[in-house]
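Here the structure comes first, spelled out in structure tokens, and everything after it is commentary.
None of the figures in this text is laboratory data; all of them are computed from the coordinates on show. Because the structure is a prediction, the values reported are computed rather than measured. Virtual Cβ from ideal backbone geometry, glycine too; neighbours counted across all protein chains shown.
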């Protein structure tokens, strides 16, 4: 797809920045947009270092229609990969209005801009939080979607999917040939770029398991809380589906190739995961091997809404995208640790 220009919103964030690297290395012209609310210019610099390019970067907000008009005017955008949005589950419970306003408005404003400039290819960063059925452990794309995710963040992902589906299958984009959307529902990304120059740099106390463990290992945090070790699983801790962020980024390239093949009215959700359940204790053991020392932890009360087991059925990704993960758990933890030990304070100097 040389000569295709891809707009990545939220492209300085964790998953967006890794996807930008893969796009550039695949020959796409890549335009990165980020308001840097929960990201760093250091990620943009790292993208440049890894790819030996000078990334095209605009600082701005996807809720700002005039800003987006400038981006679309100065670049002939062929497709959009939409990562931009607030993403902290705990913060969304405290600030639901901010999450609904930002996440929904950014998607709507972006779609309006795309329509104005005749851009019809859209890859969406969705989430497995849209699923409902608690009697299922292996979730496929036909699994019932919930009407009420466990957090406002999750609800915004669900509502954004409905917005995209209704817009793609409705009449809104008929004047420009229809909107084609691939919604990638991913599970638990961890890891970092193998160079050690690019990784996850959360603000404040991490919400996710991997950066919490690495910050304990590097001495920034005292110990890891394990939310329940009495589940009906082999070792008592919850089983989850972890995918290396580089595999996840490559999944977005596959999604992009897929959406470029579509025409007319099109909306298709696809899981991106490893399809293999891994327990919290197994993740800790893998990190201990990478770090070379024990990870202190303490078992605390279960969190409301946590399920014993939750992982992806990846058959559709293999069938329609030709995508399968390549990197195993030890690669995920080793790359996470390589990033953290060389960047104990993230991108901050």
Legend entry - Between 0 and 90°, nearest 10: helix 329-342 axis offset from the chain longest Cα axis: 90
Legend entry - Percent of beta bridges antiparallel (DSSP, the stretch 71-189, rounded to nearest 5): 10
Inset, instruction - Obtain the nm distance between the two label points defined at residue 235 and residue 25 by a simple spin-label model: each point lies 7 Å from its Cα along the Cα-to-C-beta direction. - result: 3.0
Legend entry - Förster radius 41 Å - calculated FRET efficiency between residue 95 and residue 319 (Cβ-Cβ, nearest 0.05): 0.55
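Once you have the Kirkwood Rh of the stretch 1-80 from its Cα pairs, apply Stokes-Einstein at 20 °C and 1.002 mPa s and quote D in µm²/s. Please report the intermediate quantities before stating the final value.
Working: Rh = 12.4 Å.
Translational diffusion coefficient: 173 µm²/s.
Suppose a student asked you for the relative contact order of the stretch 109-192, using Cα pairs under 8 Å spaced at least 6 residues apart; what percent would you report? Could you put the intermediate results ahead of the total?
On the way: 89 pairs, mean separation 35.1, N = 84.
Computed value for the stretch 109-192: 42 percent relative contact order.
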Legend entry - Relative contact order (%) - criterion: Cα under 8 Å, at least six apart; region: the stretch 1-126: 28
Inset, instruction - Would you mind pulling out the separation of the Cα centroids of the stretch 285-349 and the stretch 182-253, in Å? - result: 4
Inset, instruction - Pull out a ≥ b ≥ c, the square roots of the eigenvalues of the alpha-carbon gyration tensor of the stretch 21-160, then state rounded if a/c is under 1.5, prolate if not and a/b is larger than b/c, and oblate in the remaining case. - result: prolate
Legend entry - Residue of 305, 11, 170 that the Gaussian network model of the chain assigns the largest fluctuation, springs spanning Cα pairs under 10 Å: 305
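Please say if the chain is rounded, prolate or oblate, where rounded means a/c under 1.5 for a ≥ b ≥ c the square roots of the C-alpha gyration tensor eigenvalues, and otherwise the choice is prolate for a/b larger than b/c and oblate otherwise?
Because a/c hits 1.5 or more and a/b exceeds b/c, the chain counts as prolate.
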Inset, instruction - Quickly work out the residue 53-to-residue 220 label distance, labels modelled 7 Å from Cα along the C-beta direction, and quote it in nm with one decimal. - result: 2.8
Legend entry - Helical contribution to [θ] at 222 nm, DSSP H n ≥ 4, -39,500 (n - 2.57), averaged over the chain, rounded to 500: -11500 deg cm²/dmol
Inset, instruction - Using only Cα atoms, find the angle between the long axis of helix 65-74 and the longest principal axis of the chain, and express it within 0 to 90 degrees, rounded to the nearest 10. - result: 70
Inset, instruction - With everything on Cα atoms, drop me the angle between helix 96-116 and the longest principal axis of the chain, reported from 0 to 90° to the nearest 10. - result: 30
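From the Cα gyration tensor of the stretch 142-291, with a ≥ b ≥ c the square roots of its eigenvalues, which class applies: rounded if a/c is under 1.5, or else prolate if a/b is larger than b/c, or else oblate?
Numbers: a/c = 2.41, a/b = 1.89, b/c = 1.27.
Here the stretch 142-291 falls in the prolate category.
Using the count of nearby Cβ atoms within 10 Å as a rough guide to exposure, how do 244, 18, 343 rank from fewest to most?
Values: 244 25, 18 30, 343 21.
Least crowded to most crowded, the residues run 343, 244, 18.
So what is the relative contact order for the chain, in percent, with contacts set as C-alpha pairs under 8 Å and at least six apart? Walk me through the intermediate numbers first.
Working: 704 pairs, mean separation 64.7, N = 349.
Reported as a whole number, the value is 19 percent.
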Inset, instruction - Using a 10 Å cut-off on Cβ atoms, rank the peptides 74-81, 228-235, 321-328, 153-160 from the highest mean neighbour count down. - result: 153-160, 74-81, 321-328, 228-235
Legend entry - Packing-based order for 84-90, 121-127, using average beta carbon neighbours within 10 Å, highest first: 121-127, 84-90
